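Peer 1: The structure is given below, and queries will be raised subsequently.
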C-alpha cells in the first residue's frame, strides 16, 4: 500500500480476504495446472451462489479448429422471439476455469438480460498455449452466429475472458461473422502483457489475484506481446461496438482496464465504464462469500441490458 488514496475494502470483501489469506497449504502457482483447476472449482463451490432456477440449460459440442469445443446454452425464456444472444468466455488466466466455474454467473446473466447466454469452453494452457484460446473463441462465436437463431452478438467475459472478449471483437471487426457484434462487456479484463501499473503494485498481494499467480498464468499461456489478441491496449480500437467495461477497485488489473476504457473513448467507441469500488478481482464468482458483489453484477447487467436494447434498435 502506497498512500491514503487507495480504496478501502468493503466489510464483506475484507472478511473474505482475511479468511482467504489465513488458509494454509500451497498457493495456486505452486500447484500443477490440474491441481490449480481443482482448487478453482472448489473455491467456486464454496464462494459462489447456486445456479438457481432457469428454464433451459443445454450442453453441446461444436466444431473447432483443433477438435470439438464444449458450449453450454442458458435461456430463461426459450420460446421468445429471435433477438440478440450473449457469448461468454470464462476467466482463469487462460489456464484454469471451465463451464462449471462460471455456471451461476451465466445463469444469472441469462435471467437478468432476458436473452440466451452461450458459454464457451475454449482450450486451456499450458497444454494449448496462445493462440489456442482466442482461436477457439473466434471459431465458436462464428459457429453461434451461423447456427443459433439470433439478430446479433453480445460478447462478454471476465479477466482472461475479458481479454478474449476484446480479442474476439477485434477479430470480428476486421473479418465479420454472419451476425454483427452489437455490444461487448469485458469484466476486469487483461489487455496487455506488461505489469508496470500502480494497481499491480498496490494490490498484487493479498487480494486473491497475486503477482505470483499472474506470472504463473502468463508463463503457461506464453502469449506474444506483439499480437493484438494478447495486448489489445497497443492496437487501434476504432470501430469496436458499444462497450460496457468493468474494473474492480482492489484489482491488480484495474489500471490497465481503466486505460483501455480511455482508449475506447478516445477512439470514438460508445463506452460506459464502471468500477466495483472496494471489491476484488474475481467477484462475479464470489457472490456467496461477498454478498455485495450481487449488486455489482446486477448493476452492470442492468446497464448492459439498456446498451443492448439501444444497439438493437429499441425505441
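The values are calculated or read from the model by the stated rules, or taken from the named source; none is laboratory data. From a predicted model like this one, the values you see are computed outputs, not experimental measurements. Reconstructed Cβ throughout: ideal geometry from the backbone, glycine too, with neighbour counts over all protein chains shown.
Peer 1: I need the full set of residues from segment 139-168 which are surrounded by 24 or more Cβ atoms within 10 Å (Cβ to Cβ) and either free of Cβ contacts under 8 Å to residues at least 40 places away in the same chain or part of a helix (DSSP H, G or I) (or both), in order please.
Peer 2: Passing the criteria: 140, 141, 160, 161, 162, 163, 164, 165, 166, 167, 168.
Peer 1: For segment 27-40, which residues satisfy the criterion of being surrounded by 15 or more Cβ atoms within 10 Å (Cβ to Cβ) and part of a helix (DSSP H, G or I)?
Peer 2: The answer is 28, 29, 33, 36, 37, 39, 40.
Peer 1: In the set 244, 240, which member is in contact (Cβ under 8 Å) with a residue 40 or more places away in the chain, over 23 Å from residue 93 (Cα atoms) and touching a strand residue (DSSP E or B) at 6+ places or on another chain (Cβ under 9 Å)?
Peer 2: Within the list 244, 240, the selection yields 240.
Yes/no per residue for (1) under 25 Å from residue 136 (Cα atoms); (2) assigned to a helix (DSSP H, G or I); (3) modelled with pLDDT of 95 or more:
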{"site": "206", "(1), (2), (3)": "no, no, yes"}
{"site": "212", "(1), (2), (3)": "no, yes, yes"}
{"site": "216", "(1), (2), (3)": "yes, yes, yes"}
{"site": "238", "(1), (2), (3)": "yes, no, yes"}
{"site": "250", "(1), (2), (3)": "no, no, yes"}
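Peer 1: Across segment 72-97, what is the total count of residues that are assigned to a strand (DSSP E or B) and surrounded by fewer than 23 Cβ atoms within 10 Å (Cβ to Cβ)?
Peer 2: Total meeting the criteria: 3.
Peer 1: Here is a list of conditions, (1) touching a helix residue (DSSP H, G or I) at 6+ places or on another chain (Cβ under 7 Å); (2) without any contact (Cβ under 8 Å) to a residue 60 or more places away in the chain, and residue 105 meets all of them except one; can you say which number that is?
Peer 2: Going through the list (1) touching a helix residue (DSSP H, G or I) at 6+ places or on another chain (Cβ under 7 Å); (2) without any contact (Cβ under 8 Å) to a residue 60 or more places away in the chain, residue 105 breaks only (2).
Peer 1: Of these, 200, 260, which one is crowded, with 18+ Cβ neighbours inside 10 Å, in a helix (DSSP H, G or I), within 16 Å of the chain's Cα centre (by Cα) and modelled with pLDDT of 95 or more?
Peer 2: Step by step, each of 200, 260 is checked, and only 260 is crowded, with 18+ Cβ neighbours inside 10 Å, in a helix (DSSP H, G or I), within 16 Å of the chain's Cα centre (by Cα) and modelled with pLDDT of 95 or more.
Peer 1: I'd like the full set of residues that are surrounded by 12 or more Cβ atoms within 10 Å (Cβ to Cβ) and in a helix (DSSP H, G or I), limited to segment 46-68.
Peer 2: 47 - this is the single residue of segment 46-68 that is surrounded by 12 or more Cβ atoms within 10 Å (Cβ to Cβ) and in a helix (DSSP H, G or I).
Peer 1: Oh, and also: Can you name the residue in segment 169-197 that is closer than 15 Å to residue 94 by Cβ and surrounded by fewer than 21 Cβ atoms within 10 Å (Cβ to Cβ) and, of all such residues, is farthest from the chain's Cα centre (by Cα)?
Peer 2: So the residue we want is 193.
One line per residue, one yes/no per condition, for (1) touching a residue at least 40 places away in the same chain (Cβ under 8 Å); (2) farther than 30 Å from residue 311 by Cβ:
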{"residue": "16", "(1), (2)": "yes, yes"}
{"residue": "25", "(1), (2)": "no, yes"}
{"residue": "35", "(1), (2)": "no, yes"}
{"residue": "51", "(1), (2)": "yes, no"}
{"residue": "78", "(1), (2)": "no, no"}
{"residue": "85", "(1), (2)": "yes, no"}
{"residue": "88", "(1), (2)": "yes, no"}
{"residue": "114", "(1), (2)": "yes, no"}
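Peer 1: Within segment 263-276, which residues are touching a strand residue (DSSP E or B) at 6+ places or on another chain (Cβ under 6 Å) and in a helix (DSSP H, G or I)?
Peer 2: Of everything in segment 263-276, those that are touching a strand residue (DSSP E or B) at 6+ places or on another chain (Cβ under 6 Å) and in a helix (DSSP H, G or I) turn out to be 264, 265.
Peer 1: Of all residues in segment 143-164, how many are closer than 21 Å to residue 60 by Cβ and within 18 Å of the chain's Cα centre (by Cα)?
Peer 2: Qualifying residue count for the region: 7.
Peer 1: Checking the conditions here, which among 122, 105 is buried (at least 24 other Cβ atoms within 10 Å of the Cβ), in a loop (DSSP other than H, G, I, E, B), modelled with pLDDT of 95 or more and touching a strand residue (DSSP E or B) at 6+ places or on another chain (Cβ under 9 Å)?
Peer 2: Criteria check complete, one pass: 122.
Peer 1: A further question on this structure: Identify, by number, the condition in (1) within 30 Å of residue 75 (Cα to Cα); (2) assigned to a loop (DSSP other than H, G, I, E, B); (3) touching a residue at least 12 places away in the same chain (Cβ under 8 Å) that residue 176 doesn't meet.
Peer 2: Looking at each condition in turn, residue 176 falls short on (3).
Peer 1: On the given criteria, is residue 303 under 17 Å from residue 169 (Cβ atoms) and in contact with a strand residue (DSSP E or B) (Cβ under 8 Å, 6 or more places away or on another chain)?
Peer 2: No.
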